[in-house]
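Take a look at the structure below.
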Amino acid sequence: MKLTGCKTSFLLAFSLFSVFLYSQETKLIVKQDAKLDTLLNLKIKLDRERYESEYFTLQLYYGSLDVANETLESFQESFPHITVELSFETPNYKVQAGRFKDKIIGLKTLDTIKKEFPGAFLLTRKDHTLK
């Protein structure tokens, strides 16, 4: 019984004295070059410009003018709520539909369109008119 009381008093004394012990101070000094802030702001600006100029579109056809016009008319009849455009890129014509900022919305639309246009795919485009 005496041994148990000795252990208890030792643990009590140890607990009281450990309150006054400190292992480290919590001062943290960060030295940072001013160029880091400049680079970070430049990166943010470039990311913002890229986001504003990039979009997703669905490419339906790439080839001759006759088939491109047929594809354009067929798409307009099937999906009148989605904008579609015909453009020329040497030596072929392209039929592209929609202009999506979010890739997920573009993919969901692609799933719907693939039923009638199985060759359609999602394409990332950059708008060169924005500056």
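The values are calculated or read from the model by the stated rules, or taken from the named source; none is laboratory data. If you're wondering where the values come from, they're calculated on a predicted model, not measured in any experiment. Here the Cβ is made from the backbone with ideal geometry for all residues, glycine too, and neighbour counts use every protein chain on show.
Residues in the range 71-85: is at least one in a strand (DSSP E or B) and closer than 17 Å to F121 by Cα? The answer is yes; a qualifying residue exists. Within the range 83-98, the residues that satisfy the criterion of being touching a Gly at 6+ places or on another chain (Cβ under 9 Å) and either surrounded by fewer than 16 Cβ atoms within 10 Å (Cβ to Cβ) or of a type in the set (F, W, Y) (or both) are T83, N92, Y93. For the range 109-118, a residue qualifies if it is over 13 Å from Q96 (Cβ atoms) and either modelled with pLDDT under 90 or part of a loop (DSSP other than H, G, I, E, B) (or both), and the qualifying residues are K114, K115, E116, P118.
Restricting attention to the range 101-123, which residues are within 19 Å of E54 (Cβ to Cβ) and buried (at least 18 other Cβ atoms within 10 Å of the Cβ)? Result: G106, T109, L110. Test Y55 against the stated conditions and say whether it is at pLDDT below 95, surrounded by 10 or more Cβ atoms within 10 Å (Cβ to Cβ) and among the aromatic types (F, W, Y). Here the answer is yes, as Y55 does meet what is asked.
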